[in-house]
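Novice: Structure provided below as structure tokens; questions to follow.
The values are calculated or read from the model by the stated rules, or taken from the named source; none is laboratory data. This structure is a prediction, so every number in the text was calculated from the model and none was measured. Neighbour counts are summed over all protein chains in view; Cβ atoms, including those assigned to glycine, are modelled from backbone coordinates with ideal geometry.
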Amino acid sequence: MKGGATHASAPFSLAGALGQLTKPAPPNEGPLAQWSREEKRVWTEAKRQYSDNLSREITKAVELGLRTHFPKTHSGEGVGTNAASAQGIKSIDVAFNIEGLFLGLGVSIKTVGLPEEDRGYGHNFKRVTEEWTTETVLYHRYMPVSIIVGMLFLPADAAADRSRASSLNHAVEKFRGFQGRTSIRDDFELLEKIYVGLYEESGEVRFVDVAHHLKPLEIPMGTKLLTFEQIEDDLVRLFRQRNPKLRVKGMPEVDDSGAVTAASPALDEVFSDD
């Protein structure tokens, strides 16, 4: 990891987002097989509503966090914002657009906030990959230089929720083959990067890059964990590489060594007249 910018703002946290939510309690403490049809319906609806609310609040937090590096990032108050695609105007969770609807950086956010009996948090991953692939193809075909990032947020105990292989391990192994795009000329179906964010009840979040391998029950530590700020620095490096002639006011600088430093108001002013 190369040197990063000095982050004057507080570290990224989901404390505010999680504080807006109340985790639902199951209507019956007994085995699912003993639940009535009505109890199952009520519980399914409660989980769906919680998932929607969690996704909205986390999306807003990511939007605000990214603005330190990608000014004027938007999320439509957590319900998505417009960007141009090969099939017209589409909604993406978080977008940094260039001159209107031309997508420079798009972040597609998925959340799993509640475990599913013996499956832990590892359910719906097939649907997640299908949605990510569909979105990514449409944006890359229209705007090949677009950077598309997937973020899956799981509670921290997803790293130790199952006896043979954790939901975190399942996510890392499942999603690795759906990311890694490096050329703007091909691999339109691949996201540039996918990260799994593990969050504590306190709001602290650490991320795992799915390009890294984890053992089935490994708890990631050290260099296998990233902060949101490190991810931002990496995305700025990639954006600058993809768009060498584009000057974005307020975006951090990247020097010849790859170090990310604070934005330069002086340079912004000089280039504003070009």
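Novice: Just to be sure I understand the filter: pairs with C-beta atoms under 6 Å, separated by 6 or more residues or on different chains, first member in the stretch 65-85 and touching a residue at least 24 places away in the same chain (Cβ under 8 Å), second member buried (at least 17 other Cβ atoms within 10 Å of the Cβ) and among the hydroxyl-bearing types (Ser, Thr, Tyr). Which pairs pass?
Specialist: Matching pairs, first to second residue: LEU66/THR73; ALA84/TYR142; SER85/TYR139; SER85/TYR142.
Novice: Identify the residue in the stretch 201-213 that is within 21 Å of LEU190 (Cα to Cα) and among the aliphatic types (A, V, I, L, M) and, among all such residues, is surrounded by the most Cβ atoms within 10 Å (Cβ to Cβ).
Specialist: That would be VAL210.
Novice: Does ALA165 satisfy being over 15 Å from the mean Cα position of the chain (by Cα), at pLDDT 95 or above and of a type in the set (A, V, I, L, M)?
Specialist: Against the criterion (over 15 Å from the mean Cα position of the chain (by Cα), at pLDDT 95 or above and of a type in the set (A, V, I, L, M)), ALA165 qualifies.
Novice: In the stretch 208-246, what residues are hydroxyl-bearing (Ser, Thr, Tyr) and over 15 Å from the mean Cα position of the chain (by Cα)?
Specialist: Answer for the stretch 208-246, where residues must be hydroxyl-bearing (Ser, Thr, Tyr) and over 15 Å from the mean Cα position of the chain (by Cα): just THR223.
Novice: Right, something else. For the stretch 36-64, which residues satisfy the criterion of being of a type in the set (Ser, Thr, Tyr) and either touching a residue at least 12 places away in the same chain (Cβ under 8 Å) or assigned to a loop (DSSP other than H, G, I, E, B) (or both)?
Specialist: SER36, TYR50, SER51, SER55, THR59
Novice: Identify, please: which residue in the stretch 172-190 is in a loop (DSSP other than H, G, I, E, B) and acidic (Asp, Glu) and is, among those, farthest from the chain's Cα centre (by Cα)?
Specialist: For the stretch 172-190, the residue satisfying everything is ASP186.
Novice: Has the stretch 87-97 got any residue that is in contact with a Phe, Trp or Tyr (Cβ under 9 Å, 6 or more places away or on another chain) and assigned to a loop (DSSP other than H, G, I, E, B)?
Specialist: yes
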